[in-house]
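**Student:** This is the structure, below, for whatever I ask next.
Any read-out appearing in this document is the output of simple, stated calculations on the displayed coordinates, not a laboratory observation. On a predicted model such as this, the values are computed, not experimentally measured, just so you know. Don't worry about glycine lacking a Cβ; one is built from the backbone with ideal geometry, like all the others, and counts go over all protein chains shown.
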Amino acid sequence: MGKVIRREDIVNLVKTLHNEGKTVVATNGCFDILHVGHVRYLQKTKSFADVLIVLLNSDKSVKSIKGPERPINNENDRAEILCALSCVDYVVLFDEDSPRNLLDEIKPDVYTKGADYTMETLPEADIMLKNGTRVEFISFVEGKSTTNIIEKMKTH
């Protein structure tokens, strides 16, 4: 079972994990309505390291990125659901639109992003290169997205 950790405690946690010889993989997202695409993405992400930390967009951040109707589920609910997944070790909330600062602080060994990105289009690419973080791009499950679920609900 995963654990929600405060932003101010995450850097020390990662240092401790590294001192214990563990590798850390991080990813980020809104994870608003959890679906099979999210689960497979997180399972694949976990396969790259010993410990998976999900950088979760806060409600403020989701509204800024996705608009005033989102998120559907609040940050505490989204964090708890993620923590219930066996592949997730830690969840940390962040308020910014991008996890750039947080990634620069924690310096994970591996960072995953959806395959709709490349190193050329990845907003965090400079941080990853600077810190020697390996980036892995993961393919999405066709047709599975929170937006698709919301649209389907609107038409039924």
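**Student:** Label E136 and D95 with points 7 Å out from Cα along Cα→Cβ: what is the distance between them in nm?
**Tutor:** 3.3 nm
**Student:** Counting pairs of Cα atoms in the range 37-122, how many percent are more than 20 Å apart? Write out the running numbers ahead of the final one.
**Tutor:** Values: 1392 of 3655 pairs.
Distances greater than 20 Å cover 38 percent of the Cα pairs.
**Student:** Using r as the Cβ-Cβ distance of A84 and E120, and R0 as 35 Å, what FRET efficiency do you calculate, to the nearest 0.05?
**Tutor:** Plugging the Cβ-Cβ distance into 1/(1 + (r/R0)^6) gives 0.50.
**Student:** Give the relative contact order (percent, whole number) for the chain; include only Cα pairs under 8 Å separated by 6+ residues.
**Tutor:** Numbers: 250 pairs, mean separation 46.3, N = 156.
The normalised contact order for the chain reaches 30 percent.
**Student:** Below 12 angstrom from the Cβ of D95, what's the summed charge of the other residues (Lys, Arg +1; Asp, Glu -1)? Working shown, then result.
**Tutor:** Numbers: positive: R7, K60, K63; negative: D59, E75, E96, D97.
After counting each charged neighbour, the total is -1.
**Student:** Over the range 3-155, one equal point on each Cα, no solvent: what is log10 I(q)/I(0) by the Debye formula at q = 0.12, 0.15, 0.20 Å⁻¹?
**Tutor:** Scattering profile of the range 3-155, log10 relative to I(0): -0.48, -0.76, -1.41.
**Student:** Give me I10, I53 sorted ascending by neighbouring Cβ count inside 10 Å, so fewest comes first. Spell out each step's value before the answer.
**Tutor:** Numbers: I10 19, I53 26.
Result, fewest neighbours first: I10, I53.
**Student:** I would also like to ask the following. Would you mind calculating the gained length between L129 and E8 on full extension (0.36 nm times residue separation, minus the Cα-Cα distance), in nm to one decimal?
**Tutor:** On the way: separation 121, 0.36 × 121 = 43.56 nm, distance 2.39 nm.
Here the answer is 41.2 nm.
**Student:** Any chance you could count the Lys pairs in the chain whose alpha carbons are under 12 Å apart, treating pairs 8 or more apart or on different chains as valid?
**Tutor:** Close lysine pairs under the 12 Å cut-off: 4.
**Student:** How tilted is helix 146-155 with respect to the longest principal axis of the chain? Cα atoms for both, answer in degrees (0 to 90, nearest 10).
**Tutor:** So the inclination is approximately 10 degrees.
**Student:** Taking the Cα centroid of the range 82-131 and of the range 47-77, what is the distance between the two, rounded to the nearest whole Å?
**Tutor:** Between the Cα centre of the range 82-131 and that of the range 47-77, the gap is 12 Å.
**Student:** Continuing with the same structure: Hey, in the GNM for the chain with a 10 angstrom Cα cutoff, which one of A79, A125, A115 fluctuates hardest?
**Tutor:** Maximum fluctuation in the GNM of the chain, among the listed residues, is at A115.
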